[in-house]
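Let me begin by presenting the structure, written as structure tokens, before commenting on it.
The values are calculated or read from the model by the stated rules, or taken from the named source; none is laboratory data. In this text the structure is predicted, and so the values were computed from the model without any measurement. Please note: Cβ atoms are built from the backbone with ideal geometry, for glycine as well, and neighbour counts cover all protein chains shown. The area values use the complete protein model at the heavy-atom level, side chains included, leaving out ligands, DNA and RNA. Shrake-Rupley method; radii C 1.70, N 1.55, O 1.52, S 1.80 Å.
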Amino acid sequence: QKQQKAAAALHLVQILAQIDPVVYVPSLAASIRSFVVSYNEENKSNNKKLHVSDELLQLWIHQLTHSDSVAIHSDLLQAMLALSKQEDSSSSLLLERGLKVLVDIWKQQSSNQGISNSIIMVRCATLFVEWLASSLLFSASTTTSSAVFVQAQDLFVSMLGNFDDPLQQLTCLDLLNQHFGSDDDGKVNSRQQPAQTLQWLSSPPLISPILQMLQDPILSGAALQYLSSVVLNVSSSTSIADTLLEYIAQQGVVTGNETERLHIVQALSNICVSMPNRILQNQTLRLAWWDLTRTPQSKLQAAILTSIALVLPKLEANSHLDRDTSTTAAMKLYNAVGSDNEYNSTTQWLLDRFVSSPMVELRISSYALLAAMLRLKKSSFGLSLLPRPVQQQLVELVADPTKREATLDARLAYFDVVESLHSHLVQAATPSPSTTSWLTTLLNDAQLKKLLQQLEKKLSLGPHGQEAQRWDVATE
């Protein structure tokens, strides 16, 4: 009786979709998503699972790959992922059945040529990567061992290696970057992936066409982003890093193309986290990352400073490096930035050129880099080596009672510097035989106490630097 009801419901869905797909299909897709998600939530504690018939699965995936509506694709994809996450053998079976339907459509479209066929192939690739990124395919051993899974991998790699269609290549590469790459802040976009997924993402059949894309002016940026993410996340990717660094060294300091420079900066920052000495020991690579003497655009300068600020804590916390190497490398990297930009120290360079800049993005990024440096374990020793005027300039920046930024982001960035220097003050106020703070040589006890009171007051006021007022006073 249940099967008869399901067959009748499916028959009704097919009729409605044929009568007026523009009206009924979006509503049906939204209803399916809502039903699947709510059903899974309501039945978490019991063993009730949804079963999808072969007919409905074929119709479902056909709509996913053929519909031009973004809303339909989004609703059906969310519902499919929710179904695939059911924790029983039926979810693995659903993946295998669904992948077979997907591969049949994919192969059929790849045998023909045309814009519509290419669009459907991209949608097939999208669904495959979505399944892969959700850690569902490699979680289902029956799926990954099947021939249909290998066929899906081969179809995706063939699209990626089709140099006659660079737009299709770029779309596939964007899919990989979206789900497995890192964003502009260097943060990995996807959650921790299974070892099998990482192995496939760095496998020669997949990497080979992407390495070739480095020579293409349209594809090189996205290729750099993906390859550097692989180096960051896969420990056995030394050969990929070698090729990338050789390519970047050949490019040198890119001055005419802001977007291309950004891709190089992001790639170097990713590689530096796992291989800092490869960057620190090569001046060409260092200049390609942070040489600002020939970079007039303020937003690009800010992006470069921010990339360095983001790398410092990651480098110090890198578990693949021994503790002394990671902490030393982080401070060495910070010190090299100023010297490569023709300054005696990076701190002096930031204070002279960027902290007082009229461009707010430069002030924010310089605050971020100063705060990141102040939080390093060996920052106190590094600061102790600075000339006394530079130390005083840093203290005056933080202690200035009139200092108040105009924008929220700038206030938060400046407050971060205040918090970071406050920790150095606390260390100076409570000295130990094993540690000596640079502040104790710069200030006497009375000055230290006064500075500590000033910073604690700033911290109590918060980023906005204003005392709270009674509501009747504030509204007068």
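Residue ranking by accessible heavy-atom surface, 1.4 Å probe, largest first, among Thr306, Thr346, Thr293, Thr126 comes out as Thr293, Thr306, Thr126, Thr346. Applying a threshold of 18 Å to the alpha-carbon distances of Lys377/Lys403; Lys332/Lys377; Lys49/Lys85; Lys378/Lys457 flags Lys377/Lys403; Lys378/Lys457 as lying beyond it. Ligands, DNA and RNA aside, Met359 has an accessible area near 80 Å² when probed at 1.4 Å. Karplus-derived 3J(HN,Hα) values for the stretch 68-81, using 6.51 cos²θ - 1.76 cosθ + 1.60 with θ = phi - 60°, are 8, 7, 5, 5, 5, 4, 5, 5, 5, 5, 4, 5, 5, 5 Hz; glycine and proline are entered as x.
Phi-derived couplings, Karplus 6.51 cos²θ - 1.76 cosθ + 1.60 at θ = phi - 60°, listed residue by residue for the stretch 269-283: 5, 5, 5, 4, 4, 9, 9, x, 5, 5, 7, 5, 8, 10, 5 Hz, with x used for Gly and Pro. Note on Thr430 and Leu408: the model spin-label points, each 7 Å out from Cα along the C-beta direction, lie 3.4 nm apart. The length gained on full extension between Lys449 and His464, counted as 0.36 nm times the residue separation minus their Cα-Cα distance, comes to 3.0 nm. Measuring with a 1.4 angstrom probe and ignoring ligands and nucleic acids, Trp60 comes out at about 10 Å² accessible. Note on Arg294: accessible area is roughly 130 Å² with a 1.4 Å probe, heavy atoms of protein only. Placing dummy labels 7 Å off each Cα toward the beta-carbon, the span from Gln251 to Gln392 is 4.4 nm.
Note on Glu42 and Thr441: the extension gain reaches 137.2 nm, defined as 0.36 nm multiplied by sequence separation minus the Cα-Cα distance.
Taking a ≥ b ≥ c as the square roots of the eigenvalues of the alpha-carbon gyration tensor, the stretch 351-399 is classed oblate because a/c is 1.5 or more while a/b is no larger than b/c.
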